[in-house]
1. Tally time: how many residues in the stretch 19-36 are farther than 30 Å from GLY88 by Cα, open to solvent by less than 100 Å² (accessible area, probe 1.4 Å) and touching a residue at least 12 places away in the same chain (Cβ under 8 Å)?
2. Any idea which of ALA10, ALA86 is in contact with a helix residue (DSSP H, G or I) (Cβ under 7 Å, 6 or more places away or on another chain) and not charged (D, E, K, R)?
3. Can you tell me which residue is nearest to ALA94 (Cα to Cα) among those in the stretch 37-52 that are at pLDDT below 90 and open to solvent by 100 Å² or more (accessible area, probe 1.4 Å)?
4. Checking the structure you have, find out if any residue of the stretch 3-15 is of a type in the set (Val, Ile, Thr), assigned to a strand (DSSP E or B) and either exposed (fewer than 14 other Cβ atoms within 10 Å of the Cβ) or modelled with pLDDT of 85 or more (or both).
5. Using beta carbons and a limit of 9 Å, which pairs, at least six apart or on different chains, have the first residue in the stretch 76-89 and at positive phi and the second one in a strand (DSSP E or B) and surrounded by 10 or more Cβ atoms within 10 Å (Cβ to Cβ)?
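The values are calculated or read from the model by the stated rules, or taken from the named source; none is laboratory data. The shown structure was predicted, so the numbers you read here are calculated from the model rather than taken from an experiment. All Cβ positions, glycine included, derive from the backbone under ideal geometry; neighbour counts span all protein chains shown. Surface accessibility is based on the protein's heavy atoms, side chains included, excluding ligands, DNA and RNA. Shrake-Rupley method; radii C 1.70, N 1.55, O 1.52, S 1.80 Å.
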Amino acid sequence: MPVHVLTDKARGPEAFIVCDKRSDINRVQVSAERLVQWQCTADAVCGFIADNLALRRSGKRSAEADLWEIGVASGDKRSQMVCLKADGVLSLIAGGMPCRWRT
């Protein structure tokens, strides 16, 4: 659920969520210690893919601004660079064949 923050000059900021699961609960206070901000970057996704496919990470970013080289995948007959294209839709590209999933 989205976290809302109200600032009170006397008490400081107060964070809460509005419960939409039960009709008898409205605002639920959330302590600052429980708030954690997660981020997902193209670089983090590349690292995850490289780790899980056991690829040695290239870490290069192609001249094309939205294409990241992940590493080389080797098969029985050939090796191909695996890349991540991030242009609103994530595409995993291996051997020129994109596999798409929505972000």
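1. Residues flagged as farther than 30 Å from GLY88 by Cα, open to solvent by less than 100 Å² (accessible area, probe 1.4 Å) and touching a residue at least 12 places away in the same chain (Cβ under 8 Å) within the stretch 19-36 amount to 5.
2. Working: ALA10 fails: in contact with a helix residue (DSSP H, G or I) (Cβ under 7 Å, 6 or more places away or on another chain).
Result: ALA86 is the single residue among ALA10, ALA86 that is in contact with a helix residue (DSSP H, G or I) (Cβ under 7 Å, 6 or more places away or on another chain) and not charged (D, E, K, R).
3. CYS40
4. Of the stretch 3-15, the ones of a type in the set (Val, Ile, Thr) are 3, 5, 7.
This time we only want the ones that are assigned to a strand (DSSP E or B), so: 5, 7.
Now narrow it down to the ones that are either exposed (fewer than 14 other Cβ atoms within 10 Å of the Cβ) or modelled with pLDDT of 85 or more (or both): 5, 7.
Yes, the stretch 3-15 has at least one match.
5. none
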